[in-house]
Amino acid sequence: MIASADSWRGLRPEAGDRIVSLAGVRVRGGRVRRDETFDALVCPERPIPSASVRLHGITDAMVASAPTIGIVLPAFLRFAEGAVLSGHEVSFDLGFLSRATARLALPRMTLEHPVLDTRLLSRLLHGASAEHTIEAVARRLGVRLIGRHSALGDALTTAEILVRQLELLHKRGLGTLGQVLDALRRARPRP
C-alpha cells in the first residue's frame, strides 16, 4: 500500500513557513484508489506568505477556521499508517512534515515510512539528462496533470506517475520495495 503525500504551504520551512494543506491518496494493487484520499486545509497560526498564496491560491481567509496541524497531522498519520510515502521532490514536503512532527513530538515520517521520490525514480528510469519536473514526467508517462499546485491534485498526479513508474521498474526486474530502494541508492550521485 502506498500513500502519496503532498503538502502545499509557504516556501521555506527553515524560515518558519508552515503547512496550509495536506493531502494523500492510496495506491494499492497497482491502482490509484481515488476513493481513499486524505485532503485537509490547515490553519498555520500565522500569515501565509504572499509568494505561497500566488503559487497555491490558499489565503489566510480560507484557512482561518481550518484545524491546526496538531489535529490534521495525527489524522494524516493514521491515514498513512503502514504505507510507503511518495511524492515528487518529496524532500521539500518532508522538510515541512519533519518540522511539524518535531513541534508535536510525533515520530519522524522517514523513520515510520519508507519514502519513494518520483523525481528520483524518473532519473533512474530515464537517465539524468532527461527533464524531471512533475510536468515533464507526467507528459513522458502519459499522465494528465490534475489540479496542479493543490495538495490533492499533486498527490493524485504523483500517484498516477508512481503507478506507471512501478510498472516500468517491474519490467526491469525491480519488483519489490527493497529492490527499488537499493537501485535508487546505487544510482545516487557520489559526492
Legend entry - Members of the stretch 21-61 that are farther than 16 Å from Ala159 by Cβ, of a type in the set (A, V, I, L, M, F, W, C) and at pLDDT 90 or above: Ala40, Leu41, Val42, Cys43, Ala61
Legend entry - the stretch 112-129 - residue that is polar (S, T, N, Q) and touching a residue at least 24 places away in the same chain (Cβ under 8 Å) and, of those, nearest to Glu89 (Cα to Cα): Thr118
Legend entry - Residue pairs meeting the criteria (Cβ under 6 Å; at least 6 apart or on separate chains; first more than 15 Å from Val163 (Cβ to Cβ), in the stretch 83-97; second modelled with pLDDT of 90 or more and not in a strand (DSSP E or B)): Glu89/Arg119
Inset, instruction - Return the total of residues in the stretch 107-135 being out of contact with any strand residue (DSSP E or B) (no Cβ under 7 Å at 6 or more places or on another chain) and surrounded by fewer than 17 Cβ atoms within 10 Å (Cβ to Cβ). - result: 12
Inset, instruction - Out of the residues in the stretch 50-100 that are basic (Lys, Arg) and more than 24 Å from Gly29 (Cα to Cα), state the one that is surrounded by the fewest Cβ atoms within 10 Å (Cβ to Cβ). - result: Arg54
Inset, instruction - Could you tell me whether any residue of the stretch 177-184 is among the polar types (S, T, N, Q) and farther than 15 Å from Asp117 by Cβ? - result: yes
Inset, instruction - State yes or no: is Val180 part of a helix (DSSP H, G or I), touching a residue at least 40 places away in the same chain (Cβ under 8 Å) and out of contact with any strand residue (DSSP E or B) (no Cβ under 9 Å at 6 or more places or on another chain)? - result: no
Legend entry - Top-ranked residue of the stretch 137-164 - restricted to ones that are more than 13 Å from Val32 (Cα to Cα), touching a helix residue (DSSP H, G or I) at 6+ places or on another chain (Cβ under 8 Å) and at pLDDT 95 or above, ranked as surrounded by the most Cβ atoms within 10 Å (Cβ to Cβ): Val137
Legend entry - Arg190 being at pLDDT below 95, part of a loop (DSSP other than H, G, I, E, B) and within 25 Å of Arg18 (Cβ to Cβ): no
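The values are calculated or read from the model by the stated rules, or taken from the named source; none is laboratory data. The structure presented is a predicted model; accordingly, all values stated were derived computationally and were not measured. Virtual Cβ from ideal backbone geometry, glycine too; neighbours counted across all protein chains shown.
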